[in-house]
1. Return the residue satisfying two criteria in turn: it lies in the range 96-105 and is part of a loop (DSSP other than H, G, I, E, B) and in contact (Cβ under 8 Å) with a residue 24 or more places away in the chain, and of such residues it is farthest from the chain's Cα centre (by Cα).
2. When GLY169 is evaluated against the numbered criteria (1) in contact with a Phe, Trp or Tyr (Cβ under 6 Å, 6 or more places away or on another chain); (2) on the phi > 0 side of the Ramachandran plot, which criterion, by number, is the only one it fails?
3. Counting residues that are in contact (Cβ under 8 Å) with a residue 60 or more places away in the chain, which strands (runs of 3 or more DSSP E) fully inside the range 120-213 reach at least 3?
4. Assuming ASN108 fulfils every condition listed in (1) surrounded by 17 or more Cβ atoms within 10 Å (Cβ to Cβ); (2) within 30 Å of the chain's Cα centre (by Cα); (3) part of a strand (DSSP E or B) apart from one, which condition is it?
5. Which numbered condition in (1) open to solvent by 70 Å² or more (accessible area, probe 1.4 Å); (2) modelled with pLDDT under 95 is the only one that SER147 fails?
6. Can you find, within the range 152-180, the residue that is least open to solvent (accessible area, probe 1.4 Å) among those that are more than 24 Å from GLU102 (Cβ to Cβ) and touching a Ser or Thr at 6+ places or on another chain (Cβ under 8 Å)?
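The values are calculated or read from the model by the stated rules, or taken from the named source; none is laboratory data. Quantities reported herein were computed from a predicted structural model and do not represent experimental measurements. Using ideal geometry, Cβ is built from the backbone for each residue, glycine included, and neighbour counts are taken over all protein chains shown. Ligands, DNA and RNA are excluded from the accessible area calculation, which covers all protein heavy atoms including side chains. Shrake-Rupley method; radii C 1.70, N 1.55, O 1.52, S 1.80 Å.
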Amino acid sequence: MRVQKFSLLAVAVAACLSLTACQSGGDSSAGSDDSSSSAQSSGSQSSGSQDSGGGSATTGKGTGTAGSDASTGGSSGAASGTGTGACQTSQLAFSSSGGMAEGTLIVNLKNTGSATCTLRGFPGADLKGKDGTVSAERSKLAPPSVSVKAGEETRFTLHYPSNDSGGSGVTFTSLVVTPPNETHSHTLPVSINVPVSDGSGPAITVDPVGTGK
């Protein structure tokens, strides 16, 4: 009987130990599952945070691109032009040549821009030399409105008295041209000699842009 009791006791202890081990293993597995769930939850939160940041960056970039597109559209609109904008000095190329008649200088204005522009009125024309500066007076011609397409040109004429006096006269070596409705000027090299005058002789005059040949 004593041997049998010990055997039963040993079996009970072994069973208890086995049950404890099983419960311990189950708890461990549950802990592992909880840890895995926490890690996944944390990963999801982290991923969501990154997506939010990425979304903000994309929105910001989209705004910038839209601004760039708007700017490009503005430039495109300016390039297509309707010809109503005034020609600016910066988009004009200047050159000069002798006129058909003596005492005339033709000044050419070429549109180097990409859009048609308009010129209307008298240009500023100041002759300069070592003896001083003389501003040309306006002629009595009516100024037309001239549309100048890209790559094309228009012109105006400067009139001055030729020096037939036999004296050395006054020589001008540069002409400062200011297009109509502009404040910026361009200087051309010239060689114009006029007689010395007390103011009673013919004046130096300028015609409106777009007149003459």
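1. Residue satisfying both the conditions and the ranking: GLU102.
2. Only one criterion in (1) in contact with a Phe, Trp or Tyr (Cβ under 6 Å, 6 or more places away or on another chain); (2) on the phi > 0 side of the Ramachandran plot is unmet by GLY169, namely (1).
3. Those strands (runs of 3 or more DSSP E) span 124-129, 145-148, 170-178, 186-194.
4. All conditions are met except number (1).
5. (2)
6. Of everything passing the filter in the range 152-180, PRO179 is least open to solvent (accessible area, probe 1.4 Å).
Quick grid of which residues meet (1) farther than 30 Å from GLY85 by Cβ; (2) surrounded by 19 or more Cβ atoms within 10 Å (Cβ to Cβ); (3) among the small types (Gly, Ala, Ser):
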{"residue": "GLY129", "(1), (2), (3)": "yes, no, yes"}
{"residue": "SER135", "(1), (2), (3)": "no, no, yes"}
{"residue": "HIS184", "(1), (2), (3)": "no, no, no"}
{"residue": "VAL190", "(1), (2), (3)": "no, no, no"}
